[in-house]
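Undergrad: Below are the structure tokens for one structure; questions will follow.
The values are calculated or read from the model by the stated rules, or taken from the named source; none is laboratory data. Note that the structure is a prediction, hence the values are computed from the model and not measured. Virtual Cβ from ideal backbone geometry, glycine too; neighbours counted across all protein chains shown. Quick note on the areas: whole protein, heavy atoms, side chains included, nothing else; ligands and nucleic acids left out. Shrake-Rupley method; radii C 1.70, N 1.55, O 1.52, S 1.80 Å.
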Amino acid sequence: MYGVGGGGGGFNAPSSTSGRRRNPGDEEEDEEEEGAEGRVLEAWERAYADDRSWEALQEDESGLLRPIDTKTLVHAQYRRRLLLRSAAAAAARIQKGLIRYLYIVIDLSRAASEMDYRPSRMAVVAKHAEAFIREFFDQNPLSHVGLVTIKDGISHRLTDIGGSPESQITALMGKLECSGDSSLQNALELVHGYLDQVPSYGHREVLILYSALNTCDPGDIMETIEKCKVSKIRCSVIGLAAEIFICKHLCEETGGSYTVALDESHFKELLLEHAPPPPAIAEYAAANLIKMGFPQRGAEDLISICSCHKKIKSGAEGFICPRCKVNVCELPTECRTCGLTLVSSPHLARSYHHLFPVAPFDEVSSVPNRIQRGVQNCFGCQQSLFNPAMIRFINYCFSNILADGQTSLHVRCPKCNQHFCLDCDIYIHESLHNCPGCESQRSFSS
């Protein structure tokens, strides 16, 4: 304590909460105000710990802070991904693997508990891994996913490789604990043992979400990387900390991609780039004819034992294999009795769009004072494309004005010349995979 004044008088500045009168509810408040590191947060830290409002601002050319238009930002990121994919597809006829066997390796070492991502790297990875699994199965209905975790220098397989997103997500959310070191070699050895048994027509992939800056391996990891290369396993890594040589070398040798996330939104964007099927490696892309079965629902009064979980179920709760007549719970899967690949016809139809994607739409710029003479409504949702208040807001906030005073607010299909809003543009290319304008013209002509 430091005193101010002389003699018996003075002022003592309390250095902790012990110097003030405590109320009965103060203890609970102090517990709530403690940070993750066990210390009491300052007033300014408590005010901004969860809000992080400064991340919603950006600096314009004049040095002024403007609010970020989230919708425009998301559409700009989407357009960039779409144009990159279309440019790669236009360069040559690219074969894509529609039946993918993917293992997601999640680093749960002590590095995953770091709080540079809020609330922690582990929480951010788990949150976006869940969204990625759902998006992966939406875009790849014939594919399979398995989960592997790394902690305490050991790799653990959480789930068998399968086609059910719910079972994968449930298993992941129940095992979120961080401890020990990370071992990249042990994870690759475990995944290699399982993917090496995948049929030759399946595309073998590994996606590693890596938080650590090192790897604690029991042997020579270079030999393991060579084994993965020989087994035609494509390995990709998304780092959450910084670039690591061994991860970059792994991706270069196996034909994968290596990226490092800058923040949470960038991590989400990098992760979702792995949802569409990548181009097949030339020497691995061999044409194969695959035998598939199309099972039907069992009869209501049929009682049988499920071959997946060994439980008694009624016929309406599963599907009957057309070859050996056993009951399976979900599709797509591989019959455990006869080995036949079981799918449904909608699965094949949903996989078809990767071979013939919708062409990117052209951005349209319109002068605000000429709005009334042009197309006014989106062909998809019939909403107004030109809201004067929105135009003024975008012009004011983002200075999104071209040299001739035009503002880009919507897109147009190059084939049918129909105009669409930004939301419909994303929906058509990411979910619908058909242009409503082109399909309507096709129906009228028929």
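Undergrad: Given the structure, is Ser182 open to solvent by less than 10 Å² (accessible area, probe 1.4 Å), over 13 Å from Leu250 (Cβ atoms) and assigned by the TED database to the domain that holds Gly146?
TA: So Ser182 passes the test.
Undergrad: Which residues, counting only those in region 242-254, are more than 19 Å from Asn186 (Cβ to Cβ) and either of a type in the set (S, T, N, Q) or buried (at least 19 other Cβ atoms within 10 Å of the Cβ) (or both)?
TA: Answer for region 242-254, where residues must be more than 19 Å from Asn186 (Cβ to Cβ) and either of a type in the set (S, T, N, Q) or buried (at least 19 other Cβ atoms within 10 Å of the Cβ) (or both): there is none.
Undergrad: Something else: Show the residue pairs meeting these rules: Cβ distance below 8 Å; 6+ apart or different chains; first residue within region 259-279 and under 13 Å from Asp116 (Cα atoms); second residue of a type in the set (Gly, Ala, Ser) and not in a loop (DSSP other than H, G, I, E, B).
TA: Close Cβ pairs (under 8 Å, with a partner that is of a type in the set (Gly, Ala, Ser) and not in a loop (DSSP other than H, G, I, E, B)) amount to Ala261/Gly239.
Undergrad: Could you list, in sequence order, all residues of region 85-134 that are modelled with pLDDT under 90 and part of a helix (DSSP H, G or I)?
TA: Listed by number, the residues that qualify are Arg85, Ser86, Ala87, Ala88, Ala89, Ala90, Ala91.
Undergrad: Taking region 139-175 as the region of interest, how many residues are touching a residue at least 24 places away in the same chain (Cβ under 8 Å), part of a helix (DSSP H, G or I) and among the charged types (D, E, K, R)?
TA: 0
Undergrad: Something else about it: When you go through Leu385, Leu422, Leu432 one by one, which is the residue that is farther than 28 Å from Ser351 by Cβ, at pLDDT below 90 and not assigned by the TED database to the domain that holds Ser351?
TA: Leu385
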